[in-house]
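Report on one structure; see the data block that follows.
No value in this document is a laboratory result; all are computed from the given coordinates. Predicted model, so just to flag it, every value in this text is computed and none were measured. Cβ: placed from backbone, ideal geometry, glycine included. Neighbour counts: every protein chain shown.
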Amino acid sequence: MSRDGITVPPFPPEYRASGLLLHVTSLPSPYGTGDVGPAALEWVDLLAESGQSWWQSLPLGPTGYGNSPYQALSSFAGNALLISPDWLVEDELLRAGDCEYHSTDPSVVDYESVVPFKNRLLEKAWVNFSAGARVDLRTAFERFRADQAHWLEDYALFRALKIRFGGAHYLEWPAELVRREPAALDRVRHELADRIETVCFAQFLLFRQADRLKTCAHNKGLALIGDLPFFVSGDSSDVWVDPEIFLLDEQHRPRFVAGVPPDYFSATGQLWGNPVYDWEALRQTGYRWCIDRLRALLAHVDVIRLDHFRGFAATWRVPAGAPTAQSGQWVPGPGAEFFRAVQSDLSALPFIAEDLGLITADVRVLRDQFHLPGMRVLQFAFDGASDNPYLPHNYVTNTVVYTGTHDNPTTRGWFEDLPEDQRRNVRNYLGKPIGESSEAAPALVGLAWSSVAALAMVPLQDLMNLGKEARMNIPGRADGNWRWRASKEMLSSPAFEHLKNLTEASRRAAVPEGASRGVMRASL
């Protein structure tokens, strides 16, 4: 299937391509966190020069609790931390001297210092714009506000109120604001008008920069994979503005929260705490809010990884207040009706199904009914069972294979902690005498690239053969995640030349539009 000239799922049988997984915040930059500016363009160039066709990032929304991209403050807004100061200087909204930032540790995102730094820059840019800088952007800004009005004004007010109330959860605001009483909303809109304008302007700047990045990526033949969390944060403009589409009580508190039962990552399951959807209420609207959410992300990316895909078949619903996820139960999701509605509206289903964890027959049927490619993670493959679905000889072509994901340890760290019997399974399957942990990541990258999967992806950490220090997230741990950053030196590593050679040998290298692409089956 082609969307805007880019092959998107379901992948045709002859399609072969590859790419890298790296969140935008992990890019090197002198400003404490990666952004969508010059470093992102250099990254795009590097991917293209290495023969790659895809760049996958994590969710791009404004982060809330724990700085997690999976706990965004809005499904429609972007994370203002991703705005490039360099491009604000280029746009004459800031001066270079405004952007001096001193980092104590460039290997991590120091949110405690980066957040106030970026906020100061954006406030300064708004002051300069309000004072007459770049008057030629005024019309574009007003058009942006009109085009995005269905979410932007409410989100800006939500953020302004979060600041007024010291970052408190919106349920702790005055009751009249929690209930969104019109008179109360009118009053605070007037009182917080300048703050609201600043938030709207920041979103305008981010969307403008993101459009520039996407255009540059497409010009290099590179497609972008985004990531959409299944649930939304309980402390988000989504729940505040549209409480009727969630299962809440009279005080707007969740009656049930989301999670998963005991699995690979946790013996007691994972208690995420997100409010769960009222699917009947959404069905009566034709799933309009959900489709708008998909459209919003597809404005910035070409394909969406549907996180927690199994939730469309059934979700693990836990009574609010339960200490762990063990007391939950499976509740049916919207199923095929949802995807028929999306397909009717979007005329396509450019999705990758994150079908990891406890996957039952109904999930597989739903995935295959709409020909959505699933995910296969090699770190899950070596339990010794020949029918393990993560072993490459069990793949179908309409599949995306990964060495690991943002939730996994790096492959080097994984192999270090692997029991000896599973290490032996790895060696036997590869037919290689892997002795040192440093040999595991290159071997699994080669295995992924040689597989029949249409798309092979590797986290940058595994391409660089990094250890436990480079892990992005530990599921179930509230603090210390989402901080890892690549250094500028990593992006000049000989590993990219090796990747290019491997990609060409595996017949996954990017080719000009319309050229034929051969298929090489794995010989294991």
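Mean residue ellipticity, 222 nm, helices only, the chain: the sum of -39500 (n - 2.57) across DSSP H runs of n ≥ 4, divided by residue count and rounded to 500, is -11000 deg cm²/dmol. With the simple model of a label 7 Å out from the Cα in the direction of the Cβ, Ala385 to Asp362 spans 2.1 nm.
With the simple spin-label model, which puts each label point 7 Å out from Cα in the Cβ direction, the Arg143 to Arg477 separation comes to 4.7 nm.
With respect to the chain, whose longest principal axis is taken over its alpha-carbon atoms, helix 420-430 is tilted by about 70°. Taking 0.36 nm per residue of sequence separation and removing the Cα-Cα distance, the Ser130/Glu90 pair yields an extension gain of 12.7 nm. Between the amide H of Trp484 and those of Val109, distances stay under 5 Å, these residues lying 5 or more places away or on another chain, with hydrogens modeled in the peptide plane. Residues in the range 16-44 near a label at Glu504, defined as backbone nitrogen under 13 Å from the 7 Å Cα→Cβ point? The answer is none.
Of the trypsin sites (Lys or Arg not before Pro) found in the range 354-386, not one falls in a DSSP loop while having at most 16 other beta-carbon atoms within 10 Å.
With neighbours defined as other Cβ atoms within 10 Å of a residue's Cβ, the residues Lys124, Lys214 order from fewest to most as Lys124, Lys214. Sorted ascending by nearby beta carbons within 10 Å, beginning with the fewest, Ser53, Ser266, Ser386 become Ser386, Ser266, Ser53. A Förster radius of 22 Å combined with the Cβ-Cβ distance from His393 to Asp263 puts the calculated FRET efficiency at roughly 0.35.
The residues Cys216, Cys200, when put in order of fewest to most other Cβ atoms within 10 Å, stand as Cys216, Cys200. Residues of the range 289-318 with an amide N closer than 14 Å to a point placed 7 Å from the Cα of Ala336 along the Cα-to-Cβ direction: 313.
If you average the alpha carbon positions of the range 197-245 and of the range 309-377, how far apart do those two centres end up, in angstrom? After rounding, the separation between the Cα centres reads 22 Å.
Rounded to the nearest 10 degrees, the inclination of helix 138-147 to the longest alpha-carbon principal axis of the chain is 70 degrees. Once the Cβ-Cβ distance of Ala175 and Arg120 is raised to the sixth power relative to R0 = 35 Å, the FRET efficiency obtained is 0.60. For the range 82-128, applying the loop criterion from DSSP together with a ceiling of 15 other beta carbons within 10 Å to the GluC sites (Glu not before Pro) yields Glu92, Glu100. Which GluC sites (Glu not before Pro) in the range 366-438 pass both tests, a DSSP loop state and at most 14 other beta-carbon atoms within 10 Å? Listed in order of number, the matching sites are Glu436. Only lysines eight or more places from Lys214 in sequence, or on another chain, were considered; those with a Cα closer than 28 Å are Lys118, Lys124, Lys488, Lys500. The charge dipole of the chain, taken about its Cα centre with unit charges on the Cβ atoms of Lys, Arg (+1), Asp and Glu (-1) only, comes to about 680 debye. Taking amide H atoms as placed 1.01 Å from N in the peptide plane, the amide H of Asp227 lies under 5 Å from those of Leu60, Arg305, each 5 or more residues away in sequence or on another chain. Maximal additional length on extending the Glu416-Gln329 stretch stands at 27.8 nm, based on 0.36 nm per residue less the C-alpha distance. Derived scalar couplings between HN and Hα for the range 59-67 equal x, 10, x, x, 7, x, 4, x, 6 Hz in order, rounded to whole Hz, by the Karplus curve 6.51 cos²θ - 1.76 cosθ + 1.60 (θ = phi - 60°), x for Gly and Pro. For the chain, take the longest principal axis of its alpha carbons; what is the angle in degrees between that and the long axis of helix 335-346, to the nearest 10 within 0 to 90? That helix lies at roughly 70 degrees to the long axis.
Listed values for the range 102-111 are Karplus-derived 3J(HN,Hα) couplings in whole Hz (6.51 cos²θ - 1.76 cosθ + 1.60, θ = phi - 60°), namely 10, 9, 7, 8, x, 7, 9, 7, 8, 4, and x replaces Gly and Pro.
Evaluating 6.51 cos²θ - 1.76 cosθ + 1.60 at θ = phi - 60° for every residue in the range 117-125, the Karplus couplings come out as 4, 5, 4, 5, 4, 5, 5, 5, 4 Hz, glycine and proline recorded as x. For Thr7, no residue has an amide H sitting under 5 Å from its own, ignoring neighbours fewer than 5 places away on the same chain, with H placed 1.01 Å from N.
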